[in-house]
1. Say we look at region A:223-258 and pick out the residues that are polar (S, T, N, Q) and closer than 15 Å to residue A:182 by Cβ; which of these is nearest to the chain's Cα centre (by Cα)?
2. Consider region A:51-60. How many of its residues are in a helix (DSSP H, G or I) and either among the hydroxyl-bearing types (Ser, Thr, Tyr) or free of Cβ contacts under 8 Å to residues at least 24 places away in the same chain (or both)?
3. Taking region A:319-348, which residues are of a type in the set (D, E, K, R) and within 10 Å of another protein chain (Cβ to nearest Cβ)?
4. Considering each residue of region A:181-207, count those that are of a type in the set (Phe, Trp, Tyr), over 14 Å from residue A:424 (Cβ atoms) and in a strand (DSSP E or B), and give that number.
5. Hey, among the residues in region B:92-148 that are of a type in the set (Lys, Arg) and out of contact with any His (no Cβ under 8 Å at 6 or more places or on another chain), which one's surrounded by the most Cβ atoms within 10 Å (Cβ to Cβ)?
6. Which of the following residues is surrounded by fewer than 20 Cβ atoms within 10 Å (Cβ to Cβ) and hydrophobic (A, V, I, L, M, F, W, C): A:313, A:351?
7. Taking into account only those residues within region A:51-82 that are among the hydroxyl-bearing types (Ser, Thr, Tyr) and at pLDDT 95 or above, which is nearest to residue A:383 (Cα to Cα)?
8. Being touching a Leu at 6+ places or on another chain (Cβ under 8 Å) and away from chain A (no Cβ under 14 Å), is that true of even one residue in region B:106-122?
Amino acid sequence: MNMRRTVLTLAVLLLAWNAPAQDEITIRIKEGMPMIPVALPAFQINDAAVQKGDIPATIYETLWKDLEFSRIFKMVPREHYAYIPAFNPGSIRFKDWASLQANILISGQLEITADDRLIFSFKVYEVASERFIFGRNFGGKKDLARLIAHKAADELLKHFGEKPLFTSKIVYISESGNDRDVYIMDYDGHRPTRITFSSALDMLPSWSADNEKILYTSYRNLSPELFMFNIYSGKTELISSGGSNYAADWSPVGDRIVYTSSKHGNAEIYLKDMKTGQEKRLTFNPAIDTSPCWSPSGREIAFTSQRGGTPQIYIMDSEGSNIRRITMEGTYHDSPAWSPDGMRLAFVSRIENRFDIYIYNLKSNEISKLTENAGRNENPSWSPDGRHLAFSSNRGGRYQIYLVDYDGRNVQSITAAGENKMPKWQKSTK
Amino acid sequence: MKKWMLLVVAVSLVLMFSACGKKAAQVAPVQEPVVEKVEEPVAQVEKPVLSEEELFQQKSLEELNRDQILKRINFDFDKYEIRDDMKAILQANANWLLKFASVEVLIEGHCDERGTIEYNIALGEKRAEAARNYLASLGLNAAKVKIISYGKSKPLIPGVDEASYFQNRRAEFVITKK
């Protein structure tokens, strides 16, 4: 494709990259593997009342979109189902589904109980061997239809040895009027929930490793302080104040955080043990040091520093030692985000007043451009499985949150109302 | 306010004269409000010119800030060094702050939109700090000057040209206590 050629050309022309220290991480590379074709015939619906509501369609469409989004599965087009006899879960004609090139067949069944609860059962078959692989039942209140579909899709991922993705959430900042508050939504942009209610500016939220707490910066006391909000207890705790305190990231284990603070005059990176409350300063440079981000191993921290004259990406060991520069060319890089497999760093580069997201492969030293000169693209954040990223962009006018696959495909906006930015995807989900 | 009043008077006078000159015998109701309006500007004109001290005493914090008693300064792209052409403004701000020693001030550092959110917070802070250091070099007690950075979250104007960006790359001096 034209875009991909441009990506390579730009990478070669504008940026040259050094070779960082080799590490011992070995990861099975699944990118580029053929996707598994899945057929999803219409659900069997027992209760006539269900047929009238939009619940069956909600579950069906959510499940379909999840699997289509995965890059693991590929949906056999619905139009093709009409060429074979209608699906009958009692006697499945596997040969027919094989003729549609389906490898996996999902049979779904939906009913609503007398007390208005939803029961969704699905069975997964392998078409070639004509055998039942596994099945699950889900129950819940009627308004949890989307969640039930996401859970079902996650079960399929897990069965194929993948990390669950579709029940993961994104925390972000939403602005309507003068309010800028922290919100949480499903990975697909549905079910947004507001979680802070101050009239002051809130920004740069991030998840704890256990997904129960959110760190964010708020100007509510007329200076940018770092707060921690506990989603389940509803309690808010002040974590760091004095100067500006922002850009926090939790360690993968969840015991420590790193963040930027100018509490001692200059923007430096601090590490805080969340159990003991002990703090350690990691950077000691009169230049700006900011945007710290843990490696998935917890042994290293990527960050932005202006010590070389312009903001560039660096990596240091998590005690602050062994600092090495990663970006060598270009004059403006920030917002590093480490991929879950530890092999790639996504970050924002400014070239001639355009902000685009690039991905640097730490192992091959290759760089690829993820977004293509469409508005300002900022704050990349990886999905738990590392196949997708969320970012914010003003390509459509106001800032909205977008998702994109690791190879630049399937760009889609997932927010539309007001202005939405600074997405942070959960690092993992159960 | 004053200008508005003068305008009304001017327009009224023109109307009055034209009415008198051309159609003196016509339409009495037009003339009546005109005569009434004339009284207001007389009071305005007689208002004494207030000295700097009197203005300071009279105005609230909000009014002092709204009237920009302390002028804002602008910065170069990506930079936080004080520009030579901004030094006179800082000198004037310092003079005023030295004169009114009870005043406490908050310097807000701001950036244009051509930076990332994270980096701009640090950059805005560097700008505010540079302004504070310059005021301190002119004899001001730095302890009375607080700084804050808003990064790019509070642009002054929405434009996307260099002139707008220049306006947005700024340090503002907000009086927080008289």
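The values are calculated or read from the model by the stated rules, or taken from the named source; none is laboratory data. The structure presented is a predicted model; accordingly, all values stated were derived computationally and were not measured. Neighbour counts run over all protein chains shown; Cβ positions are idealised from the backbone, glycine included.
1. Out of the qualifying residues, it is A:230.
2. 5
3. Passing the criteria: only A:334.
4. Quick first cut of region A:181-207, residues of a type in the set (Phe, Trp, Tyr) only: A:183, A:187, A:197, A:207.
Now restrict to residues that are over 14 Å from residue A:424 (Cβ atoms): A:197.
Checking the rest, the ones that are also in a strand (DSSP E or B) come to none.
So the count comes out to 0.
5. B:126
6. Step by step, each of A:313, A:351 is checked, and only A:351 is surrounded by fewer than 20 Cβ atoms within 10 Å (Cβ to Cβ) and hydrophobic (A, V, I, L, M, F, W, C).
7. A:70
8. Within region B:106-122 (the criterion being touching a Leu at 6+ places or on another chain (Cβ under 8 Å) and away from chain A (no Cβ under 14 Å)), the answer is no, since none of the residues qualifies.
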